[in-house]
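In what follows, a structure is listed as structure tokens, so that the remarks can point back to it.
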Amino acid sequence: MKVVEEFRYLVLAIQREGNRLLAAELRPLGITPSQAEVLRVLRDHGPMTLNALGGLLVCETGNSPSRLVDRLVAQGLVKRGVDQIDRRYLTLSLTPQGRALHRRIVTAENRLHRTLHDRLAGQALDETITTLRSLADAFPTGAALARRRGPELAHQEN
């Protein structure tokens, strides 16, 4: 196996395991990892349009997140409203129920992050993250993550 091929499969394996572990943490909340990401982005960066939301998601790059949002609206977690600046656009924001669930999502994610932190103890993560970021930044998902980090964090972290 070529080194770059192994690298690709290792990233895939870690992503799948991370998603599986997160799904298990979120299952009692009745939400998927993709739905949780939408709620996190809306809480951290909203209110925003559907297009702006799509530009910050990793779970739905290249696709419209409208199906995810429709489900979250139906569950009473997200509401659509008229944009205050340009009334032609709808904005998305969390409902009180969505904000309450967001707090539980953060708790579930923190449990996963502690597990990962324990497994990574003693590893040189800064160099690994720099390597992964340099590769990811060439793709839409990396660009979405860079936008979520924001310009002030992007400069500090590089």
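Readers should treat all values here as calculations from the given coordinates under stated rules, not as data from a laboratory. Note that the structure is a prediction, hence the values are computed from the model and not measured. Ideal geometry is used to build each Cβ from the backbone, glycine not excepted, and the neighbour counts take in all protein chains shown.
Order these by the 10 Å Cβ neighbour count, fewest first: LEU77, LEU125.
Fewest-to-most ranking of LEU77, LEU125: LEU125, LEU77.
Quick one: grab Rg to one decimal and Dmax as a whole number for region 59-108, Cα atoms only, in Å.
Over region 59-108's Cα set, Rg and Dmax evaluate to 12.4, 37 Å.
Could you give each residue of region 94-104 its phi-based ³J(HN,Hα) in whole Hz, using Karplus coefficients 6.51, -1.76, 1.60 with θ = phi - 60°, and x for Gly or Pro?
7, 7, x, 5, x, 5, 5, 5, 4, 4, 6
Whole-Hz Karplus ³J(HN,Hα) for region 17-24, in order, using 6.51 cos²θ - 1.76 cosθ + 1.60 and θ = phi - 60°, x for Gly and Pro?
5, x, 5, 5, 5, 5, 4, 5
Grab the DSSP H runs of the chain that are 4 residues or longer, score each as -39,500 (n - 2.57), total them, divide by all residues and round the 222 nm result to the nearest 500 deg cm²/dmol.
Rounded to the nearest 500, it is -22000 deg cm²/dmol.
What percent does the relative contact order of the chain come to when contacts are Cα pairs within less than 8 Å and at least six residues apart?
Relative contact order here is 23 percent.
Inverting the mean 1/r over all pairs of different Cα atoms, compute the Kirkwood radius of region 31-100 and quote it in Å.
After inverting the mean inverse Cα-Cα distance, the result is 11.8 Å.
Which of VAL3, VAL82 comes first, and how do the rest follow, when ranked by fewest Cβ neighbours within 10 Å?
Fewest-to-most ranking of VAL3, VAL82: VAL3, VAL82.
Under the Karplus relation 6.51 cos²θ - 1.76 cosθ + 1.60, θ = phi - 60°, what is the ordered set of whole-Hz ³J(HN,Hα) values for region 80-92, x standing for Gly and Pro?
Listing the rounded values in order: 9, x, 7, 4, 6, 8, 10, 5, 6, 9, 9, 10, 10 Hz.
For the chain, take the convex hull of the Cα atoms, compute a quarter of its surface area, and give me that in nm², please.
10.9 nm²
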